[in-house]
Amino acid sequence: MLKLANLSLPVGHGPEALRRKAAAVLGVNAGAVEELTILRQSIDARKKSDVRWVYTVALSLPGEAALAGRGGAVLYAPEPYRQPTAKSRPKHPPVVVGMGPAGLFAALTLARAGLAPIVLERGRRVEERTADVERFWQSGDLSPFSNVQFGEGGAGTFSDGKLTTLTHDSRISHVLDTFVAHGAPEDIRYSHKPHVGTDVLRQVVRSMRLELMALGADIRFEHRLCGLDIRDGALAGITVMTGSGPYSLPCETLVLSPGHSARDTFEMLFEAGVSMERKAFAIGVRIEHSQQAVSRAQFGSAWASLPAADYKLACHLPSGRSAFTFCVCPGGQVVAAASEEGRLVTNGMSHRARDGQNINGGFLVGVGPEDFGSHHPLAGVAFQRRWEEAAFALGGGNYRAPAQTVGDFLAARPSHGPGAIAPTYRPGVTWGSLDGALPGYVLSTLRDALPLFDRKLHGFACPDAVLTGVETRSSSPVRILRGEDLQSHLRGLYPCGEGAGYAGGIVSAAVDGIKVAEAIIAR
């Protein structure tokens, strides 16, 4: 095969235009191209008057070796992921804690290798979890074990389902192929900014569960890890809590992928002597704009013929603080993401169609151990809880969120209602001032960043844009230390994924889960 990059086509091009373009670059007849696969698709909007689609493709056609070099074409031979196989079975099956992307892919890799794992998930199946979350958004009735953070699929299930990653790993293609095999759209394989959408992702997660069960995995919902049995520096067993009480489980190999909000698990691990440290993360608010306005600003007159636009903005200020946008959800909604009573957290979510009127994104400021006020490994957790409690109080209870328009926020005056942009957060917002919902240095950094971001994306500082607080769960506040063999100092314990401090999104967490499973299989 040949790989050919930088094929540019106008918006609205027909289905055969890409084949003809590739053939023309190679100097062959379009009919000679036997197979064409899109490897990458992106939008070039640098010239608003001439927005273009840009492709990288793989082609099969006669005489490929002689054509290499034409138009930058290179010979291309993709290498599929090679699933490892276990040479023997251990005395006790490996246990995977957590069914977020890290846990799911660790369990799937182990199961496909013949090591049918026991999978423990504190939350409920995605079908039941979806009903619990919807009830919470309607009424404020929070389930502490089945919510946006906890349950099958992890926190990413109630998000945009973004599959972008800054990592470069050969396993990424395998992750995307697995998602497609379980019902995700084909375009996630090649889109520059792939996303599944929360509605489709829920079906994908369910399908992965069914494969795990078919491979012999023992999946136990509403079973929470609550203790470790440690003997001579190695894991010998675990204690699991259920609705009817605790039980002990022999376990010498534990994949720990708890998610970034498993605070009780972090506390249990600390008490058990597992090595961990404070970790930097970011806090701030969700900002909502008109999707149409953002798409026009990004794509010009072509906006209506293109997918809903997003953005990615960052700045470093003279104060030494940095602000950035995070987890942007085009055509989506701001969601209540609390997992503890009396503490308020926001996040963003989009469906596959991204057809809502608003776009929202995390508008955050980086914070680090020096801000936490303590050297305790769990000081970041306490820091998060402090501001979640403040936001809950400002919202007036029942998980109503404090909200303020950008115009009022910049003028340092309370808001009394929305402008042209209506907030999407449920159960609802309480208008007022965000002062007191976040540290003063975070609020001042956000105020300083707004006009800078507006220069990069016209309309970002629109006075009617809505700020909803607070977002504190951008990533884990803890890193559970592990060595080059991916084990904790406690032999047999494999910290894994975003919650353990080793990933930053769905794809990177999934890749980390695969790596840990490979290490277990090799051992």
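The values are calculated or read from the model by the stated rules, or taken from the named source; none is laboratory data. Given the structure is predicted, the values throughout are model-derived calculations rather than measurements. Positions of Cβ are generated from backbone atoms using ideal geometry, with glycine treated the same way; all protein chains shown enter the neighbour counts. For accessibility, only protein heavy atoms count, side chains too; no ligands or nucleic acids. Shrake-Rupley method; radii C 1.70, N 1.55, O 1.52, S 1.80 Å.
Please determine, by comparing only the residues of the stretch 411-433 that are crowded, with 16+ Cβ neighbours inside 10 Å and either aliphatic (A, V, I, L, M) or touching a His at 6+ places or on another chain (Cβ under 9 Å) (or both), which one is nearest to V466 (Cα to Cα).
The extreme case among them is I421.
Only residues that are aliphatic (A, V, I, L, M) and touching a residue at least 40 places away in the same chain (Cβ under 8 Å): list them for the stretch 293-307, please.
Answer for the stretch 293-307, where residues must be aliphatic (A, V, I, L, M) and touching a residue at least 40 places away in the same chain (Cβ under 8 Å): A293, V294, A297, A302, L306.
Given the structure, is V470 at pLDDT 95 or above, open to solvent by less than 10 Å² (accessible area, probe 1.4 Å), assigned to a strand (DSSP E or B) and out of contact with any Cys (no Cβ under 8 Å at 6 or more places or on another chain)?
Yes.
Considering only the stretch 86-101, how many residues are open to solvent by 20 Å² or more (accessible area, probe 1.4 Å) and either closer than 24 Å to L201 by Cα or modelled with pLDDT under 95 (or both)?
Number satisfying all stated conditions: 7.
Give E341, E370, E388 a once-over and let me know the one that is within 23 Å of the chain's Cα centre (by Cα), acidic (D, E) and either farther than 30 Å from S191 by Cα or at pLDDT 95 or above (or both).
It is E388.
I need a count of the residues in the stretch 236-264 that are open to solvent by less than 10 Å² (accessible area, probe 1.4 Å) and not in a loop (DSSP other than H, G, I, E, B).
7
Are any residues in the stretch 396-413 under 23 Å from R135 (Cβ atoms) and not in a loop (DSSP other than H, G, I, E, B), and if so, which ones?
A401, P402, A403
Inside the stretch 476-519, can you point out the residues that are outside any loop (DSSP other than H, G, I, E, B) and over 23 Å from E152 (Cα atoms)?
R491, A519
Could you list all residues from the stretch 17-42 that are among the basic types (K, R) and without any contact (Cβ under 8 Å) to a residue 40 or more places away in the chain?
R19, R20, K21
Would you check which residues across the stretch 141-181 are in a loop (DSSP other than H, G, I, E, B), open to solvent by less than 50 Å² (accessible area, probe 1.4 Å), out of contact with any Phe, Trp or Tyr (no Cβ under 9 Å at 6 or more places or on another chain) and among the hydrophobic types (A, V, I, L, M, F, W, C) and list them?
Within the stretch 141-181, F150 is the sole residue that qualifies.
Residues to consider are L108, L120, L115, L104; find the one that is open to solvent by less than 40 Å² (accessible area, probe 1.4 Å), hydrophobic (A, V, I, L, M, F, W, C), assigned to a loop (DSSP other than H, G, I, E, B) and at pLDDT 95 or above.
L115
Does the stretch 62-121 hold any residues that are over 30 Å from the mean Cα position of the chain (by Cα), basic (K, R) and over 22 Å from I219 (Cα atoms), and which are they?
R70, K87
Return a yes/no flag: does the stretch 447-454 have any residue that is of a type in the set (A, V, I, L, M, F, W, C), open to solvent by 10 Å² or more (accessible area, probe 1.4 Å) and touching a residue at least 24 places away in the same chain (Cβ under 8 Å).
The answer is yes, given that some residue of the stretch 447-454 is of a type in the set (A, V, I, L, M, F, W, C), open to solvent by 10 Å² or more (accessible area, probe 1.4 Å) and touching a residue at least 24 places away in the same chain (Cβ under 8 Å).
Report every pair of residues separated by at least 6 positions or lying on different chains whose Cβ atoms are under 6 Å apart, first residue within the stretch 1-16 and farther than 16 Å from I43 by Cα, second open to solvent by 60 Å² or more (accessible area, probe 1.4 Å) and assigned to a strand (DSSP E or B).
Going by the 6 Å Cβ cut-off, the qualifying pairs are K3/V74.
In the stretch 420-432, which residues are in contact with a helix residue (DSSP H, G or I) (Cβ under 8 Å, 6 or more places away or on another chain) and not hydrophobic (A, V, I, L, M, F, W, C)?
R426, P427, T430, G432
Which one is nearest to the chain's Cα centre (by Cα) among residues in the stretch 183-221 that are in a loop (DSSP other than H, G, I, E, B) and surrounded by fewer than 19 Cβ atoms within 10 Å (Cβ to Cβ)?
Among those residues, the one meeting the criterion is K193.
For every residue, the table says whether it meets (1) farther than 17 Å from G197 by Cα; (2) modelled with pLDDT of 95 or more; (3) open to solvent by 30 Å² or more (accessible area, probe 1.4 Å).
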residue: I287; (1), (2), (3): yes, yes, no
residue: R296; (1), (2), (3): yes, yes, yes
residue: G300; (1), (2), (3): yes, yes, no
residue: W303; (1), (2), (3): yes, yes, yes
residue: L317; (1), (2), (3): yes, yes, no
residue: A323; (1), (2), (3): yes, yes, no
residue: Q333; (1), (2), (3): no, yes, yes
residue: N347; (1), (2), (3): no, yes, no
